Amino acid sequence: MERRNFLKIMGGGVILAATGATAFVATRRPDAALAPWAQAGNYEDPRLNALSYAILAPNPHNRQPWIVRLDGEDGLTLYFDTDRQLPHTDPFDRQLTIGLGCFLELLRMAAEAGGHRLETDLFPEGEDAAGLDSRPVAQVRFVPAEPQIDPLFAHVLDRRSNKEPYDITRPVPAEALARVLDSALHGQLGGSIDAEEIAYWRQLSTDALIIEIETPHTFRESVDLFRIGRAEINANPDGIDFGGPMFEAMSLTGLFTREATLDTSSTAYQQGLAAVTENTLTAMGHLWLVSQGNTRRDQIATGADWLRVNLACTAEGLGFQPLSQALQEYPEMEALYAETHARLAPDGGTVQMLARIGYGPQVDVSPRWPIEAKLGSV
């Protein structure tokens with residue numbers, strides 16, 4: 001098996017890893033890549049059982065940047081996989097750390113549902129603001145306890161990032177937004193369904209997405225992670241997937257290849273740009289998370305909240321798509337980064353995450369697969 005097909009357990013053993021596969025017709029489903037969604041919760045060891053859910057956590061470009069070592073009979077250590085960095089769009093590993101926070105929150109939910117509380121020590125050997133390294137992210141001990149089921153845990157297998165155009169005729173009810181805003185535990189979660197705010201963030205997020213695509217080194221980072229067709233997705237179920245008969249046919253005819261996508265004069269490039277900007281321009285509301293600090297611990301806490309927000313939107317039947325582009329820390333994005341912070345954190349702090357919400361097309365989740373990062377975000 002390729003490394004990307006599973007969560008590697010240091011010292012031996014594997015747990016199948018989650019793919020970013022979108023909806024496939026039965027004859028073209030990447031069944032090997034989708035297996036984790038059927039196997040979650042079917043392990044006897046409580047640590048493996050909790051990990052089988054944790055690997056379904058959202059993370060940037062679906063990089064799945066986690067390695068785990070089992071310690072003794074009741075512990076584990078979480079490490080960052082330094083081969084999974086995104087040096088152009090996430091130069092300080094901020095977004096990847098948020099993804100690790102999503103992983104740890106889902107691990108906690110699953111462990112508590114299975115009758116264990118977690119004792120977690122973050123960055124026991126220290127942390128570096130410049131980037132993640134081979135030092136442990138967290139040491140975790142499983143302690144037997146009465147089962148505690150977080151209401152949001154019921155939506156884990158249905159959670160997805162819905163990167164389709166939303167229905168602009170269906171407003172998001174104020175009461176639904178209020179319930180979503182109650183889901184965060186750590187940071188300052190904000191949101192708006194005001195028409196003027198929607199128009200503002202539609203335009204800014206579209207402008208940011210265009211900058212990412214039109215900046216060669218940031219766009220190339222995404223294109224290098226394209227998984228086109230069932231064979232590629234099964235072989236490497238990470239990255240940015242393009243599956244189903246349409247993409248299979250376009251690939252075979254040469255209309256959709258990595259090279260064509262990088263050619264700004266090609267049909268693949270032009271149609272791809274139109275498709276992703278249609279998504280941002282059909283937002284029916286926006287959510288954001290702000291933290292006062294920007295330490296690794298703050299980023300881990302942001303990840304915990306971001307997972308909860310996504311699950312809360314799933315509970316409401318709302319489509320949810322992260323829009324991280326304006327928050328990325330590279331020179332071409334500096335102006336929009338500053339504008340976003342001036343708008344959402346005028347008194348200081350770091351805007352860690354931004355997302356659009358709305359009612360989108362119904363995605364068949366009966367086989368229970370996630371839909372992750374088209375031009376990536378946590």
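Mind grabbing the accessible area of TYR337 for me, 1.4 Å probe, Å², rounded to tens?
60 Å²
Report the full-extension gain for the segment ASP182 to GLN203: residue separation times 0.36 nm, less the Cα-Cα distance, to one decimal in nm.
4.9 nm
So how far apart, in nm, are the two label points at THR267 and GLU44 if each is 7 Å from Cα heading toward Cβ?
Distance between the two pseudo-spin positions: 5.6 nm.
Probe 1.4 Å, all protein chains in place: accessible area of ASP224 in Å², nearest 10?
80 Å²
Pull out a ≥ b ≥ c, the square roots of the eigenvalues of the alpha-carbon gyration tensor of segment 224-323, then state rounded if a/c is under 1.5, prolate if not and a/b is larger than b/c, and oblate in the remaining case.
prolate
Determine, for each peptide in 138-145, 252-259, the mean count of other beta carbons within 10 angstrom over its residues, then list the peptides with the highest first.
Top of the packing list down: 138-145, 252-259.
Say the dipole of segment 211-370 comes from +1 at the beta carbon of Lys and Arg and -1 at that of Asp and Glu; which of ASN279, GLN325, ALA301 then lies farthest toward its positive end?
Ranked along the dipole, the leading option is ALA301.
Could you give me the ³J(HN,Hα) list for segment 72-80, computed from phi with Karplus coefficients 6.51, -1.76, 1.60 and θ = phi - 60°, whole Hz, x at Gly and Pro?
Computed from phi, the couplings for segment 72-80 are x, 9, 9, x, 8, 10, 9, 10, 8 Hz.
Given a Förster distance of 45 angstrom, what is the FRET efficiency for LEU252 paired with GLU146, based on the Cβ-Cβ distance and rounded to 0.05?
Result of the calculation: an efficiency of 0.25.
The values are calculated or read from the model by the stated rules, or taken from the named source; none is laboratory data. What you are looking at is a predicted structure, and each value in this text was computed from that prediction instead of being measured. Here the Cβ is made from the backbone with ideal geometry for all residues, glycine too, and neighbour counts use every protein chain on show. These accessible areas exclude ligands, DNA and RNA; they are computed on the full protein's heavy atoms, side chains included. Shrake-Rupley method; radii C 1.70, N 1.55, O 1.52, S 1.80 Å.
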